[in-house]
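Novice: This structure is in structure tokens; I'll ask about it shortly.
The values are calculated or read from the model by the stated rules, or taken from the named source; none is laboratory data. Because the structure is predicted, anything quoted here is derived from the model rather than measured. Cβ placement follows ideal geometry from the backbone for every residue including glycine, while neighbour counts extend to all protein chains displayed.
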Number of protein chains: 2
Amino acid sequence: MKFSQFFIPTLREAPGNAAVISHKLMLRSGMIRQLANGLFAYLPLGLRSFRKLERIIREEMDAAGALEVKPTVVVPAELWKESGRWDTMGEALLRVKNRLNADFVISPTAEEAITALVRDDLSSYKQLPLNLYQINTKYRDEIRPRYGVIRGREFVMKDAYSFHTDDESLSQTYEDMGRAYRRIFRRCGLPVIPVRADSGAMGGSGSEEFMAESAIGDNTLILCKTCEYAANVEKAACKPDFTPTSIAAAKKAAEGLPAISRIDTPDIKSIAELCDFLKTGSKNFIKTLIYQASNPGGELLKSSIKGNIPDTLPVAVLIRGDLEVNEIKLASLLGASGVSLASDGEVVKITGAPVGFAGPAGLSGVLIIADETVCAMTNAITGALAKDAHYQNVAFGRDFEPNIIADIRTVAAGDRCPLCGGELYEKKGNELGHIFKLACKYTKAMKVTYLDVDGKAQTPLMGCYGIGLDRTLAAVIEEHHDNAGIVWPVSLAPFEALIVPVKYEGIVKDAADKLYAELRNLGIDTLLDDRDERAGVKFNDGDLIGIPFRAVIGDKNLKSGPPLIELKRRGDNEARLVELEKAAAIIAEEIRAELSSAYSAGGET
Amino acid sequence: MKFSQFFIPTLREAPGNAAVISHKLMLRSGMIRQLANGLFAYLPLGLRSFRKLERIIREEMDAAGALEVKPTVVVPAELWKESGRWDTMGEALLRVKNRLNADFVISPTAEEAITALVRDDLSSYKQLPLNLYQINTKYRDEIRPRYGVIRGREFVMKDAYSFHTDDESLSQTYEDMGRAYRRIFRRCGLPVIPVRADSGAMGGSGSEEFMAESAIGDNTLILCKTCEYAANVEKAACKPDFTPTSIAAAKKAAEGLPAISRIDTPDIKSIAELCDFLKTGSKNFIKTLIYQASNPGGELLKSSIKGNIPDTLPVAVLIRGDLEVNEIKLASLLGASGVSLASDGEVVKITGAPVGFAGPAGLSGVLIIADETVCAMTNAITGALAKDAHYQNVAFGRDFEPNIIADIRTVAAGDRCPLCGGELYEKKGNELGHIFKLACKYTKAMKVTYLDVDGKAQTPLMGCYGIGLDRTLAAVIEEHHDNAGIVWPVSLAPFEALIVPVKYEGIVKDAADKLYAELRNLGIDTLLDDRDERAGVKFNDGDLIGIPFRAVIGDKNLKSGPPLIELKRRGDNEARLVELEKAAAIIAEEIRAELSSAYSAGGET
């Protein structure tokens, strides 16, 4: 491709609303343009990289035995009503009525559509396992789109859905998809952190997120310095730094301990102030927080509450003073769609005390949930349910009894690894891919069955496997750039080689045309910068758009002995002189070497 | 690919709502499934053909210098408001509000989005010409989707938009696109009828539709038996079968003719009844039809009407009794968004006479538009603007004067070609592609400019070029099928070769595996039917899905002398025996030959 016949509108500066480097560089290099907040168009340069990523993903999916399909982007709402998500997806689901007043969804994900397709044509166990995937447009009505294509409203996902007769088959495909994902990211030159939901103490039947480390990541990851433990902070566990006990044992152990007593704490509300006042550490406090849980449910709650469970359930949550409550764990414990701190008014109503003086001793009429840490506390300080008053020597079991005890702490850097006891640390990450065992969630709701070997109707198990293309491309740029621009790995580079004739005329033009023809014959994606611009401008544009190999052709080098050109890898500081005659072969060989090493690097894990 | 690892849910019968052969065969062969009325999902088999068509189109677009981009499917309404089409597109435009109450459009076409992209980055004439295309999802809220993917609601189009400094450059790209389209259809093995808007008397600055002949076509085409004239009936012209004259000349010529006179025609309304009654032919009548034109405008009308032009304008239309008014021509003449026949009440009000007795002589207070044919009529019969009365000997010019005279007749089979005078005939067709010179319509409305060589701001000219992928695929099936199923051309076949081992075991399995490996090594898309089914079932499925080459491997042929297999082209009646050793090479060579002949057949036109 000749530069003058292509369309690369580079920008000196990125627009002000571009906050992260990948967004800036994608705009500056002319890869993308914004059509509206969260809606990005790919220009020809960006689309070349996008298509290469698409091809890598397609190759790996096909190699893993998945079959490509193409459902529609506009999907009838009936299917979402069948699965129940029409009601539960909230406002991120873009809904639309057509001219006949029928409801449709602009697809944000395709469990429903694919399950419906399979339902229509699945009859026998002989058709299973079946793994169908698409690479298609999705829409999520993000309330606050940001970071360019990392969190856009419209995006492209590869999403696969597999169907199975048994868990062994599901696990097989799940593992195959995990391997395919690792190959995909390796071919993109992208290190990812695999976050397994079942690698920690949380259990779970199978879910793995593929995270790209990023300072602007949406996810906080908890990693172990010693072993491979990696968890999303939403689910991360840690090794206890306390010795938990049962209520009965705690009661007994508390017999000889100092009795609970009230202390005056005038005008003191925060734990920090109390620590100063009482000259002790926050570890000796029990924090009591009042939450409202939305749509709670589940077995645990049914066994803890008599009668009907209300739509909004207030709960008192106890946790050691130096720790934070993990609201995701709390919501999950309560089977709730979410939890939020109660308002001051609600706190007063529930505890009968001013805000800042809640405590478990004497608290009644509300479900009390204690983090496990609280079970080891025998002489804690808590609010006394009255203005300017606290209790000291509060003992778990003796002075209060929670209704539910569970792990609801937020694990943080410095905590200990639940697997090996090593020190945990934090990273920010963006989720690029996710593989997940869905079991029967959709197949049951949407009444999919097949006949097993005995002719009996059975519900198939299901897995789903997603990868976001746009954000993967952005993550590669976040990982591979320098001050001058993008540093593409060969596998995703819009062009693999750039030819820069210092001036496109005379013998320089002849040499440039010759090298261009040779590279194209070797199947190398080549851009020839034939513009009538200063060499410096061409170099800057080449660095900005990040083409891996740059061949500079100038008068002087062509005339010295055997004609020479300057060859430079985009990431290198120095160029080297190579013979014009050999240049194409050298470039082709180095491209082949990078592609094959990217393909094999790291081995299977 | 092995059949058992693929997903081809063939059906013995197509669902009842499938009315046309392509729809039936796409369902029966397991290419597509319906998710909702007008919404079709491609299953793996169908998607393979779809992707091949996509590749053919992409190759031809790239070869013609067009650059691929990817705008969003969900497009901000602002752009459609700028172009004006937010108001004029009507209900076929699917509109959606997001959670922030902003308006969006599910893109049915991308003039607005592409024009906006170019506007942002176009600065200099040096960037032109520029031709951007996408192959992307579109949505049109058809009120009555039908014929499967031929007229679906969601579909995929290749649409290209080119930008130019001058008409010569626009014409160049327009011609290039026309050539690319002819190559695309040729490679698909699809004869198309090119319908040029400017090939007839209607004029027009450049528009060509590519029509596939089809009994269920939406378009009526007028073709010449002698020359290459082809026009959409909406615009078709014909050679006059009358001698038109001016009003002045007509007045003069009418001087010696019999005077207009009234005749009683009790209880006679239709022209057929009048013909019987007066013992004459319909050619001697002038039909007077009252139309209502919606949102009329344009220069011609401004010069014909004094004062403001109303939103709904009644007009009296005169045409020779044996002809039909072409409402598209009429609307276009009046610059109206549409025309419709007036209600009986309106007719009475406008003509002052009962329905069935309108006529031009004495008619006033309404704009009178005459088809050219009327200008040759000197002794016509017309309504007399009174119950049970007609006029005879009505002469154009003497007894009435139309306000506007134009060609508004519907051309029909039997009329004469406007180019050569040959006989015209009719065909039904579906539009698969359309290339169109838009000139400044969008660039002006959306304020796109570039600086010309003198540094002056100019508005670029624009062309647009669309092809519908789904309906092209369906058209290929309409063209290439027999009673047993689809007969794919190699270029679009989901698999190029099918291997049918009569029983997949022993030496038959060995031979099948060997041929499978050889064909794959040669790069042939091969399906091996490894199912434990009767040979007849495998043959029927193979015929239904239409794979071009079928290799049947059986015990007996393998054992006779050099091992033989049965090779059969899908369209042929007879199979031939070829040596197993040579089979792969023979199939590969015949595939190569078909692809290269499809590529070159017909030459450039």
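Novice: Can you find a residue that is β-branched (Val, Ile, Thr), touching a residue at least 40 places away in the same chain (Cβ under 8 Å) and under 13 Å from A:Ile587 (Cβ atoms) anywhere in segment A:520-536?
Specialist: There is at least one residue in segment A:520-536 that is β-branched (Val, Ile, Thr), touching a residue at least 40 places away in the same chain (Cβ under 8 Å) and under 13 Å from A:Ile587 (Cβ atoms).
Novice: So, of the residues in segment B:506-529 that are out of contact with any Asp or Glu (no Cβ under 9 Å at 6 or more places or on another chain) and part of a loop (DSSP other than H, G, I, E, B), which turns out to be surrounded by the most Cβ atoms within 10 Å (Cβ to Cβ)?
Specialist: The extreme case among them is B:Leu522.
Novice: Any idea which of A:Ile553, A:Ile565, A:Ile591 is under 19 Å from A:Ser49 (Cα atoms) and among the β-branched types (Val, Ile, Thr)?
Specialist: A:Ile591
One line per residue, one yes/no per condition, for (1) under 24 Å from A:Ile222 (Cβ atoms); (2) among the small types (Gly, Ala, Ser); (3) within 35 Å of the chain's Cα centre (by Cα); (4) not in a strand (DSSP E or B):
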{"site": "A:Gln292", "(1), (2), (3), (4)": "no, no, yes, no"}
{"site": "A:Pro310", "(1), (2), (3), (4)": "no, no, yes, yes"}
{"site": "A:Lys329", "(1), (2), (3), (4)": "yes, no, yes, yes"}
{"site": "A:Lys349", "(1), (2), (3), (4)": "no, no, no, yes"}
{"site": "A:Gly359", "(1), (2), (3), (4)": "no, yes, no, yes"}
{"site": "A:Ile369", "(1), (2), (3), (4)": "yes, no, yes, no"}
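Novice: Go through segment B:2-33 and count every residue that is on the phi < 0 side of the Ramachandran plot, facing chain A (nearest Cβ under 10 Å) and in contact (Cβ under 8 Å) with a residue 12 or more places away in the chain.
Specialist: 8
Novice: What residue, among those in segment A:72-88 that are in contact (Cβ under 8 Å) with a residue 40 or more places away in the chain and in contact with a Phe, Trp or Tyr (Cβ under 8 Å, 6 or more places away or on another chain), is farthest from the other protein chains (Cβ to nearest Cβ)?
Specialist: Result: A:Ser83.
Novice: While we're here: Can you spot a residue in segment A:5-16 that is in contact with a strand residue (DSSP E or B) (Cβ under 7 Å, 6 or more places away or on another chain) and either within 30 Å of A:Asn521 (Cα to Cα) or surrounded by fewer than 17 Cβ atoms within 10 Å (Cβ to Cβ) (or both)?
Specialist: yes
Novice: So for segment B:94-113 (the condition being in contact (Cβ under 8 Å) with a residue 60 or more places away in the chain and surrounded by fewer than 24 Cβ atoms within 10 Å (Cβ to Cβ)), does at least one residue qualify?
Specialist: Yes: segment B:94-113 contains one or more residues that are in contact (Cβ under 8 Å) with a residue 60 or more places away in the chain and surrounded by fewer than 24 Cβ atoms within 10 Å (Cβ to Cβ).
Novice: Would you point out the residue of segment B:37-57, among those that are of a type in the set (A, V, I, L, M) and out of contact with any Asp or Glu (no Cβ under 7 Å at 6 or more places or on another chain), that is farthest from the other protein chains (Cβ to nearest Cβ)?
Specialist: The extreme case among them is B:Ile56.
Novice: Restricting the search to segment B:89-145, which residues are farther than 20 Å from A:Phe155 by Cβ, in contact with an Asp or Glu (Cβ under 8 Å, 6 or more places away or on another chain), of a type in the set (A, V, I, L, M) and more than 10 Å from chain A (Cβ to nearest Cβ)?
Specialist: none
Novice: Of these, A:Gly421, A:Gly414, which one is touching a residue at least 40 places away in the same chain (Cβ under 8 Å), within 18 Å of A:Tyr229 (Cα to Cα), not in a strand (DSSP E or B) and not assigned by TED's automatic domain parsing to the domain that holds A:Ser162?
Specialist: A:Gly421
Novice: Right, something else. Of all residues in segment B:247-280, how many are surrounded by 12 or more Cβ atoms within 10 Å (Cβ to Cβ) and in a loop (DSSP other than H, G, I, E, B)?
Specialist: Residues flagged as surrounded by 12 or more Cβ atoms within 10 Å (Cβ to Cβ) and in a loop (DSSP other than H, G, I, E, B) within segment B:247-280 amount to 7.
Novice: Cβ-Cβ under 7 Å, sequence separation 6+ or interchain: first residue in segment A:552-578 and part of a helix (DSSP H, G or I), partner modelled with pLDDT of 95 or more and among the small types (Gly, Ala, Ser). Which pairs?
Specialist: The qualifying pairs are A:Leu558/A:Ala511.
Novice: Looking only at segment A:301-320, which residues are in contact with a helix residue (DSSP H, G or I) (Cβ under 7 Å, 6 or more places away or on another chain) and among the hydrophobic types (A, V, I, L, M, F, W, C)?
Specialist: Selection gives A:Ile309, A:Val317, A:Leu318, A:Ile319.
Novice: Let me ask another. Within segment B:437-466, how many residues turn out to be crowded, with 19+ Cβ neighbours inside 10 Å and within 17 Å of B:Asp167 (Cβ to Cβ)?
Specialist: 12
Novice: Would you confirm whether any residue within segment A:241-257 is in contact (Cβ under 8 Å) with a residue 12 or more places away in the chain, of a type in the set (A, V, I, L, M) and within 30 Å of A:Arg58 (Cβ to Cβ)?
Specialist: No, segment A:241-257 contains no residue that is in contact (Cβ under 8 Å) with a residue 12 or more places away in the chain, of a type in the set (A, V, I, L, M) and within 30 Å of A:Arg58 (Cβ to Cβ).
Novice: Filter segment B:116-134 for residues that are under 20 Å from B:Val105 (Cα atoms) and in contact with a helix residue (DSSP H, G or I) (Cβ under 6 Å, 6 or more places away or on another chain) and give the result.
Specialist: Scanning segment B:116-134 gives B:Ala116, B:Tyr133.
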